[in-house]
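The values are calculated or read from the model by the stated rules, or taken from the named source; none is laboratory data. Fair warning: this is a prediction, and the values are worked out from it, not measured in the lab. With ideal geometry, Cβ positions are generated from the backbone for all residues, glycine too; neighbour counts draw on all protein chains shown. SASA here: full protein model, heavy atoms, side chains in, ligands and nucleic acids out. Shrake-Rupley method; radii C 1.70, N 1.55, O 1.52, S 1.80 Å.
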Amino acid sequence: MAYTTKKYILFGGDYNPNQWDEATLRQDMIYFREAKINTVVLPVFSWAKLEPSEGQYNFGWLDHILDVLEENGIGYILATPTGAQPAWMSRKYPEILPVDIEGRKRTHGMRVFFCYNSEKYRERAAAIAAAMAQRYRNRKGLEGWHVANEYGTSCYCENCQKKFRDWLKRRYGTIENLNARWGTEFWGRTYYSFEEVMLPTKLNDDCQFFPACELDYQRFKTDSTIACFENEAKILKAATPDLPVYTNISGYIKKLDQFKMVPCMDVAGWDNYPSPQDPRSLPALKLDIMRAARDGESFYVAEQSPAQQNWQPYNKLKTPGEMRRIAYQGLAHGGDSSLFFQMRQSRYGQEKMHGAIIGRAGTDTTRTFREAMQLGRELEQLGARFVGGRTKAKIGILFDWDNWNAMELCSGPSRDKDYLKEVLHLYEPFYYKNVPVDVLKYTSDFSEYRVILAPCLYMLKDNIAERLNRFVKEGGTLVTGYLSGYADENDRCEFGAYPGPLRKAAGIWVEETDGLFPDEKVSVCTSEGITVQADFLCDVIHTEGADPIAEYTSNFYAGTPAATCNHYGKGKTYYLATKFGRDFLDVLAERILRDAGLAPLFPTEGDVELSCREKEGICTYFAINFGRERACVDLADKSYTELLTGRELTGNTPIEPGDVLVFGRKSNSEGEEV
């Protein structure tokens, strides 16, 4: 892809100079050069300004801004402005406006307030994309195309109803097949025609009480959004085949199946907005999900905040150095860019309190600007050393949007099911030990992995059970547990005991599952005689060859296994029957790593995240101290170069509180490490 050939990391972000005068625009150029800004993204929400009436375009103001950017050596990614249609369009073509889940026809106003299946919307979106492509295709500053903005709106209009029925006809062929796959015998839902199928809304409560229908609606919504994106992307790609075309992904990633959406782009564009209260593991996991979307390829951090983020309930300022740490975490996990929202603080609207590189005070003396300037100079120094580089891991964790939706749509065994939290819970023991973890699709190649983590593998599709059984038989280690092996791709439960087709590999079967109250705990004793606590769910299991490694010691199932290990073929499967805390999982992770012959990248002390990106045989290591105390990384007797300062590192190397080390081995003239 073209973006991997860049000779630098993209640094900059969203820019809206149409909000201010010429003098401010010119001053911004001075600040941009000072901070080493090399890329801006515009004009994301300017459709009304670019097309004031149907088919009449006003590009002069944008031409001038692009001229100024090019005069100052600043590249740009042009955004089609189709995330917010003009008011005249909503008024002239009301079919563009979406209908919400409660059946209300929305009026013109919010961004991303349009029906993705509207033919008129797609016609006008394609027209402005074509006009922009034709006008700007040969501009020297053009670095790529950004389509619309943060897709994810649901629509339940009559047109979507018709499109959904057509989608179901293509998927199932006959109404009899749909009835069989959806299990419509239950609650007397049998259909005799596709015309009888309704969208799952609050009007019929099928969004809550008909999981098979809601599951397919979410798939339909993703497919509709992909078609909407490709409606513009194919025009842009035809005009500039060597430039990347993408859209940015909302932090509410559950809205769309990104494992289907992102492969239609040239690069994933991730909007990275961690909450100040998030553990550092959560943004790390989400970054790894973005890396997985195109099977390990690097991605763009398309947005992040340099200061406060006004969409959060409490707009905490980033502490000194926090912007830099978050930026490097994005780069360390696969980012080829460090783009921010926004370059200069907006004057009005909902996001006027959102932080920016340049505040409304219009000065380069602020703490935020100085930190951005430091980051920009460091990224310029790093050049393209790791741009396009990959992360190599021997541990993978399965993640799937259909599984996410199906598990949380299920009416039991607990209302507190949260798939993302469950994945994070099993990811953390390895992440905090600084052992690389890849996020895996159900369809990923497992052959290079020694350990696969499969939390809450509720839905079995794409031959996943068969492939996991083979993985274990051939010597791999599988970790799975409660809420696994329940249903097929239509949420039809398996006959037989859980975990269904994984039963032999796990060496256990589940008799029943207890859903605990939020404040309820159970006691568990490990095989080492240590008592730990567990919560959420408790499977009551029977062993069929598996060895217990922990037993319940409270409740009526005291004395039965709470965790097991089963040897199957050349490998083994761990089954966790309840939700253990980190005390147990940390010990289990150490055992798994030892048996698999895996170790952290380097030994560390303190709150340090370690990552590595490899490009053409050259490794770049990132050590980020997220703590308030000095930490260290033990490089043993090898010598490395700190890439930001040029100093030599060896042995037990300190990292100051909140600081970042980027280091690697020296390379010779042929690019080989020495």
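Observations on the structure shown:
- Members of the range 518-541 found to be open to solvent by 70 Å² or more (accessible area, probe 1.4 Å), free of Cβ contacts under 8 Å to residues at least 60 places away in the same chain and not polar (S, T, N, Q), listed by number: 519, 521, 528, 530
- Any hit, the range 464-475, residues being part of a strand (DSSP E or B), touching a Phe, Trp or Tyr at 6+ places or on another chain (Cβ under 8 Å) and buried (at least 22 other Cβ atoms within 10 Å of the Cβ): no
- The selection criterion, being of a type outside the set (Val, Ile, Thr), open to solvent by 30 Å² or more (accessible area, probe 1.4 Å) and more than 29 Å from residue 359 (Cβ to Cβ), holds for residue 54.
- Answer from 79, 87, 131, 35 - the residue that is in contact with a His (Cβ under 8 Å, 6 or more places away or on another chain), surrounded by 15 or more Cβ atoms within 10 Å (Cβ to Cβ) and small (Gly, Ala, Ser): 79
- Checked against (1) aliphatic (A, V, I, L, M); (2) in contact with a helix residue (DSSP H, G or I) (Cβ under 7 Å, 6 or more places away or on another chain); (3) in a helix (DSSP H, G or I); (4) open to solvent by 10 Å² or more (accessible area, probe 1.4 Å), residue 644 passes all but a single condition, namely (3).
- Neighbours by Cβ (under 7 Å, 6+ apart or cross-chain): first from the range 367-386, free of Cβ contacts under 8 Å to residues at least 60 places away in the same chain; second open to solvent by 30 Å² or more (accessible area, probe 1.4 Å): 367/320
- Here residue 291 does not fit the description of being under 22 Å from residue 355 (Cα atoms) and either in a helix (DSSP H, G or I) or not hydrophobic (A, V, I, L, M, F, W, C) (or both).
- Residue within the range 517-538 that is of a type in the set (A, V, I, L, M, F, W, C) and in contact with a Pro (Cβ under 8 Å, 6 or more places away or on another chain) present: yes
- Which listed residue is in contact (Cβ under 8 Å) with a residue 24 or more places away in the chain, in contact with a Phe, Trp or Tyr (Cβ under 8 Å, 6 or more places away or on another chain), open to solvent by less than 60 Å² (accessible area, probe 1.4 Å) and at negative phi, from 661, 598: 661
- From 421, 394, residue being open to solvent by 10 Å² or more (accessible area, probe 1.4 Å), under 21 Å from the mean Cα position of the chain (by Cα) and farther than 22 Å from residue 252 by Cα: 394
- Criterion (open to solvent by 10 Å² or more (accessible area, probe 1.4 Å), part of a helix (DSSP H, G or I) and out of contact with any helix residue (DSSP H, G or I) (no Cβ under 9 Å at 6 or more places or on another chain)) met by exactly one of 48, 23: 23
- Search result, residues across the range 207-262 that are aliphatic (A, V, I, L, M), surrounded by fewer than 21 Cβ atoms within 10 Å (Cβ to Cβ) and more than 23 Å from residue 123 (Cβ to Cβ): 243, 253
- Any strands (runs of 3 or more DSSP E) falling wholly within the range 478-562 and containing at least 1 residues that are closer than 19 Å to residue 458 by Cα and either at pLDDT 95 or above or touching a helix residue (DSSP H, G or I) at 6+ places or on another chain (Cβ under 9 Å) (or both): 508-515, 531-543
- Of all the numbered requirements in (1) open to solvent by 10 Å² or more (accessible area, probe 1.4 Å); (2) modelled with pLDDT of 95 or more; (3) not in a helix (DSSP H, G or I), residue 145 misses one, and that requirement is (1).
- Sub-6 Å Cβ pairs linking a first residue in the range 316-340 that is farther than 20 Å from residue 40 by Cβ and small (Gly, Ala, Ser) to a second residue that is in a loop (DSSP other than H, G, I, E, B) and modelled with pLDDT of 95 or more, at least 6 apart or interchain, are 321/658; 334/298, ordered by first then second residue.
- Looking across the range 274-290, just one residue is touching a strand residue (DSSP E or B) at 6+ places or on another chain (Cβ under 7 Å) and open to solvent by 10 Å² or more (accessible area, probe 1.4 Å), and that is 280.
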